[in-house]
Amino acid sequence: MKPRALVIGAGIVGAACAAELARAGFAVVVLEAAHPSAGATACGMGHVVAMDDSEAQLELTRTSRSLWEELLPELPENIEATRAGTLWVAADDEELAAVHAKHAYYLTRGVNAEIHDQHSLRSLEPHLAPDLIGALRVPDDLVVYPPCAAAWLLALSGAELRVGLAVERAEARRVLLHGGVALEGDLVVVAAGEHSLPLVSPALPLHGIKPRKGHLVITDRAPGFAQHQIVELGYLKSAHSHDGSSVAFNLQPRPNGQVLLGSSRQYDRTSDEVEPAMLRRMLERAFRYMPKLRALPAIRAWTGRRAATHDHLPLIGKVGAEGPWLAAGHEGLGITTSLGTARLLSSLIAGTTPPFDPRPFDPQRLCAEASHG
Amino acid sequence: MRELACDLLVVGAGPAGIAAACAAAERGKKVLVLDENPGAGGQIWRAGTHAPPRAAEPWLARFRASGAELRSGCAVVEGDAARQTLWAQDAEGLLRTRAESIVLATGARELFLPFPGWTLPGVLGAGGLQALAKSGWPVRGKKIGVAGSGPLLLAVAAWLVEHGAHVAFVAEQAPLGRLARFAASLAFQPRKLAQLAALRWKLRGVPQLFSSWPVRANGRAHIDSVELATDGEPQGFLVDALAVGFGLVPETALAEQLGCALDASGAVAVDAEQRTNVERIYAAGEPTGIGGVENALLQGELAGASAAGDARAAHTFARRAARARRFGRALERAFALREELREMPDDDTIVCRCEDVRWDAARELDSARETKLQTRCGMGPCQGRVCQPALHFLKGGRADRRRPPLLPLTLGELAELAADRTTLEHETSR
Ligand SMILES: Cc1cc2nc3c(=O)[nH]c(=O)nc-3n(C[C@H](O)[C@H](O)[C@H](O)COP(=O)(O)OP(=O)(O)OC[C@H]3O[C@@H](n4cnc5c(N)ncnc54)[C@H](O)[C@@H]3O)c2cc1C
Ligand SMILES: Cc1cc2nc3c(=O)[nH]c(=O)nc-3n(C[C@H](O)[C@H](O)[C@H](O)COP(=O)(O)OP(=O)(O)OC[C@H]3O[C@@H](n4cnc5c(N)ncnc54)[C@H](O)[C@@H]3O)c2cc1C
């Protein structure tokens, strides 16, 4: 009989883990409190992107992106996978210098990238403000539609999906449901996004994952308005200020011609309402980069929550010696990094050589962080 | 931004809104009524190329004399309940309106249920067809079928007959027995019975079918015939157009955006004086449950009197309104939709017109919410105004919550609105 794996959470990370564990020979059961993609996976942008805020982040995102790349020929149409590429646009000399630095770094790490000057930028994306002075184009970045991607991974895994089951505690070989009901397995993976740590506390500090709210707006169809996922390089400066909120221009052309606009970042927000002040800032920021956006019809604004850790890296690995496995805290990159996360986790479980250095992702680092205050 | 201030803001100039506006204005309040459509009257009293019905005249006259101000072509796009402020959009752009109290009289929407062929040109909503005809679409001499459920069907059919159409049939999904019991319960309401008799008289000679619903609309570029199942028996009719409507659903979008709680049936919950759970916000008419014109007028008058601080008048109206509400509930039960209607769509039937979603993509999904996420059903420009009530009936649950904007705005307008909301928040927090 196959060994049995219990995966908690049917977001993209749980789905990817289920698919990977099934491939490794487990019979997988996925336990989901609501329904597949009930959490962050339904709210985010689905930009599959190489990111280099840290060496570890680049390893994880680069590996993940090539796993998506391998799947491309198999992905059904409803996942809307496109090789849109990313344009990192520079507004001033400092950001242009960052373009060059990023370019050099990406080339050493085998990530394709090319520099565009003011002129060629205009021909790539005519609606960009004319005063933007250059950009880095990363042609192999992708765009997917996350809820369908998660559903496809779940189906691929052949996992038994049990919905409407909220797990209260996760242990190494057992999960406890409401009312003291227990389910046993040969291993347990917690992939419940921002709700993961309560299932394993106090082995890990509860506040090791903080929700970080983001706003998005989608327009009606405007085919041809933009070709690339376009992100301001100021992102690097604004995105990670731990205090206070920030906005950054981030635009995604959907394959059907809609334009999805992000985004904002705020900690400590309990309400998931759209906040006028944030929405205004985010839109004004977008208009500065693409003035013609003003005329597009907006059909819906919403918010989502990213599960953020103190060092902006996900928690992938075993909780202590006696705990379950954990795959959570993917902040604004979980669609991208779901596949790399699952690959790493499965190699840790099997005891095989990991695809990249696992140490920066070890959940135990939360304990060290907590004791440092 | 332009700003208008008044004592009472009324959203919607249908019967409920008109009654609320009259009641408050006649008690000396400064009243502003906003309606996205041209002219007063709402769904049933709106005049087009045809004159408004006679029943409307006294009310429209009273409204004109009341001193309430009407702004037509003015759609409310957002609200801030804590600051009694609504933002609206008219031909000149965005407008900020503020008031002591607000009455939401936003009416109802038709419920469309998908069946094979329902997206063919010539298949129209019952109310939609009437509105189209009022604005000049010729019905004279046309062969028109009327199908679906509810008292609106008879009213629309009678109207069509009066305007020279040839009504091929009226197909009501509810069983005759259930409706007969309902009619019997009207014995003590002679006016309602008289109305029913008048409708029946106008429709003499028109086949009235019960336990009957459309199985398929046929035609190439336009509907030319329709197949019904009546008591399980197939029946075909040649038609030039088909008017369908499976009843009405309360229009609660603005109420929800303002934070008003809904009851179990999905209508805005109100107390005996039409107050919602949000302070100084009232709801009147169909948003609180489908109940017809008289119900809407009573609730409107009650809300207006209560908002104007006339407790005594409010008290008298409250008793009559409670009776009207009971009638509304009985009506709902009599015309409750039958299970079989869930089997109407086939694999190729489109369930979401904006996003071109076919039923085979949605059939197996568990809930309205998952259907939206997995198929894009309801994600298009109409934001599910058409397909979400249908999906709710077909699958259960809600697909999503209200999110801004209530109506499509340009990103520029959305930013302007957000900026004005922020300004107002700052002004009032100081
Ligand atoms: C505004 C925004 C933009 C984003 N943009 C991008 C982007 O462009 N690219 C990118 O790669 N990523 C992006 N992300 C991030 C990405 O969406 C998330 O990192 C990712 O969806 C996380 O997936 P998850 O499976 O870990 O969590 P979730 O999707 O939150 O899934 C967790 C699941 O666990 C279930 N659950 C919770 N508690 C329990 C319990 N006790 N028992 C059982 N089940 C439980 C939940 O119901 C949920 O279904 C964005 C996020 C946001 C908010
Ligand atoms: C790449 C991408 C593209 C998208 N494109 C579009 C698009 O084109 N158009 C579009 O409209 N959306 C689009 N979406 C957004 C998506 O459908 C949702 O808007 C998103 O999941 C989050 O929105 P929300 O927070 O408004 O939650 P909602 O989607 O509104 O979900 C709210 C939840 O609350 C529950 N709920 C709400 N009200 C009630 C109530 N009264 N009673 C009980 N339960 C209630 C619902 O059941 C639901 O589970 C897109 C999302 C992505 C990831």
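The values are calculated or read from the model by the stated rules, or taken from the named source; none is laboratory data. The shown structure was predicted, so the numbers you read here are calculated from the model rather than taken from an experiment. Positions of Cβ are generated from backbone atoms using ideal geometry, with glycine treated the same way; all protein chains shown enter the neighbour counts. Protein only, heavy atoms only, side chains kept; ligands, DNA and RNA dropped before computing areas. Shrake-Rupley method; radii C 1.70, N 1.55, O 1.52, S 1.80 Å.
For segment B:358-390 versus segment B:1-74, the spacing of their alpha-carbon centroids is 35 Å. Past the 53 angstrom mark, what percentage of all C-alpha to C-alpha distances in the protein assembly as shown do you count? Cα-Cα pairs in the protein assembly as shown separated by more than 53 Å: 20 percent. For chain A, pairs of C-alpha atoms spaced more than 27 angstrom apart make up 46 percent of the total. Solvent-accessible surface, computed for protein heavy atoms with a probe of 1.4 Å, shrinks by 20 Å² or more for the following residues of segment A:270-290 when the other protein chains are added to the isolated chain: A:ASP272, A:VAL274, A:PRO276, A:ALA277, A:LEU279, A:ARG280, A:LEU283, A:PHE287. Mind checking the angle between helix B:151-162 and chain B's longest principal axis? C-alpha axes, 0 to 90 degrees, to the nearest 10. The answer is roughly 70 degrees. Extension gain, A:SER201-A:ASP311: 0.36 nm per intervening residue step, less the Cα-Cα distance, totals 37.7 nm. About its Cα centre, the dipole of segment B:114-245 is roughly 460 debye, where the only charges are +1 on Lys and Arg Cβ and -1 on Asp and Glu Cβ. The B:GLU427 and A:TYR267 beta-carbon pair, evaluated with R₀ = 25 Å, returns a calculated FRET efficiency of approximately 0.40. Note on chain A: with a GNM built from Cα contacts shorter than 10 Å, the maximum mean-square fluctuation among A:GLU20, A:GLU273, A:GLU74 falls on A:GLU74. No disulfide-compatible partner, judged by a Cβ distance under 4.7 Å, exists for the following cysteines of chain B: B:CYS6, B:CYS22, B:CYS74, B:CYS260, B:CYS354, B:CYS382.
In this simple spin-label approximation, B:LYS30 and A:ASP117 carry label points 7 Å from Cα along the Cα→Cβ vector, and these lie 6.2 nm apart. Annotation: amide H-H contacts under 5 Å for A:ARG306 (H modelled 1.01 Å from N, sequence separation of 5 or more, or interchain): A:ARG212, A:LYS213, A:GLY214.
Largest first and in whole Å, give the semi-axes of segment B:1-58's equivalent ellipsoid, each being the square root of 5 times a Cα gyration tensor eigenvalue. Numbers along the way, then the final one.
Values: eigenvalues 102, 43, 11 Å².
Ellipsoid half-lengths, sorted descending, are 23, 15, 7 Å.
Summarising the label geometry, the points placed 7 Å from Cα in the beta-carbon direction at A:GLU184 and A:GLU77 lie 4.8 nm from one another.
Roughly to the nearest percent, how much of the accessible area of segment B:114-245 is carbon and sulfur, given a 1.4 Å probe? Numbers along the way, then the final one.
Working: 3580 of 5880 Å².
Accessible surface attributable to carbon and sulfur in segment B:114-245 totals 61 percent.
Out of the DSSP beta bridges found with both residues in segment B:114-245, what percent are antiparallel (nearest 5)? Display every interim value, and only then the final one.
Numbers: 12 of 29 bridges.
Here the share of antiparallel DSSP bridges comes out near 40 percent.
What residues of segment B:398-414 lose no less than 20 Å² of accessible area with every protein chain in place versus their chain by itself (probe 1.4 Å, heavy atoms only)? Listed in order, they are B:ARG401, B:ARG403, B:PRO404, B:PRO405, B:PRO408, B:LEU409, B:THR410, B:LEU411, B:GLY412, B:LEU414.
Each part reduced to its alpha carbon centroid, segment A:1-36 and segment A:351-373 end up 22 Å apart.
Phi angles of segment B:251-267 translate, via the Karplus equation with coefficients 6.51, -1.76, 1.60 and θ = phi - 60°, into HN-Hα couplings of 8, 10, 4, 5, 4, 5, 4, 7, x, 6, 6, 9, 8, 4, 8, x, 9 Hz per residue; Gly and Pro are given as x. Between B:ALA322 and A:GLU369, the modelled labels are 5.9 nm apart [label points 7 Å from Cα along Cα→Cβ].
Seen through its C-alpha gyration tensor, with square-root eigenvalues sorted a ≥ b ≥ c, segment B:339-395 comes out rounded because a/c lies under 1.5. Ellipticity at 222 nm from helices only: DSSP H runs of n ≥ 4 in chain B, each -39500 (n - 2.57), divided by the residue count, give -10500 deg cm²/dmol. Compute the acute angle (0 to 90°) between the alpha-carbon long axis of helix A:55-71 and the principal axis of greatest extent of the alpha-carbon atoms of chain A; round to the nearest 10°. For helix A:55-71, the angle is close to 90 degrees. Surface composition of segment B:339-395: carbon plus sulfur atoms hold 46% of the accessible area, using a 1.4 angstrom probe and ignoring ligands, DNA and RNA.
Taking the 0 to 90 degree range and rounding to the nearest ten, how far is the long axis of helix B:311-334 tilted relative to the main principal axis of chain B, both from C-alpha atoms? Approximately 20 degrees, to the nearest ten.
Quick check on segment B:212-299: take the gyration tensor over C-alpha atoms, sort the square-rooted eigenvalues as a ≥ b ≥ c, and tell me if it's rounded (a/c under 1.5), prolate or oblate.
prolate
Magnitude of the charge dipole for the protein assembly as shown, about its Cα centre and with charges confined to Cβ atoms of Lys, Arg (+1) and Asp, Glu (-1), is about 2760 debye.
Quick check: convex hull over the Cα atoms of chain B, volume per residue in Å³, rounded to an integer? The partial results should precede the final answer.
Numbers: hull volume 62.2 nm³, N = 430.
For chain B, the hull spanned by Cα atoms encloses 145 Å³ per residue.
Close amide H contacts of B:ALA165 (hydrogens built in the peptide plane, cut-off under 5 Å, sequence separation of 5 or more or a different chain): B:GLY141.
GNM, chain B, Cα, under 10 Å: largest mean-square fluctuation among B:TRP201, B:TRP87, B:TRP118? Of B:TRP201, B:TRP87, B:TRP118, the Gaussian network model singles out B:TRP201 as fluctuating most. Per-residue shielding of B:365-374, expressed as the average number of other chain Cβ atoms within 10 Å of the residue Cβ, stands at 5. Ordering A:PRO205, B:PRO116, A:LEU96 by the projection of their Cα atoms onto the charge dipole of the protein assembly as shown, which places +1 on the Cβ of Lys and Arg and -1 on the Cβ of Asp and Glu, puts B:PRO116 at the extreme positive end.
Counting only protein heavy atoms and a 1.4 Å probe, tell me what percentage of chain A's accessible area is made up of carbon and sulfur. Working shown, then result.
Working: 7690 of 14240 Å².
Carbon and sulfur together cover 54 percent of it.
If you bin the C-alpha pair distances of segment B:114-245 every 10 Å from 0, what whole percents do you get? Whole-percent P(r) values from 0 Å outward: 13, 45, 32, 10, 1. Amide hydrogen proximity for B:VAL244: with H placed 1.01 Å from N in the peptide plane, the residues at 5 or more positions away or on another chain lying under 5 Å are B:LEU124, B:GLY125, B:ALA126, B:ALA147.
At a Förster distance of 30 Å, what's the computed FRET efficiency of B:ALA82 paired with B:SER265, Cβ-Cβ distance as r, to 0.05?
Working: r = 27 Å, r/R0 = 0.90.
Given R0 = 30 Å and the Cβ-Cβ separation, E is 0.65.
Applying 1/(1 + (r/R0)^6) with r as the Cβ-Cβ distance of A:ARG288 and B:TRP201 and R0 = 51 angstrom yields a FRET efficiency of 0.15. Rounded to the nearest 100, the interface formed by chains B and A buries 2700 square angstrom of accessible surface, both chains summed, with a 1.4 Å probe. Beta bridges assigned by DSSP with both partners in the protein assembly as shown are antiparallel in approximately 60 percent of cases.
So what is the accessible area of segment B:114-245 per residue, in Å², with the probe set to 1.4 Å?
Values: 5880 Å² over 132 residues.
Ligands and nucleic acids excluded, the figure is 45 Å² per residue.
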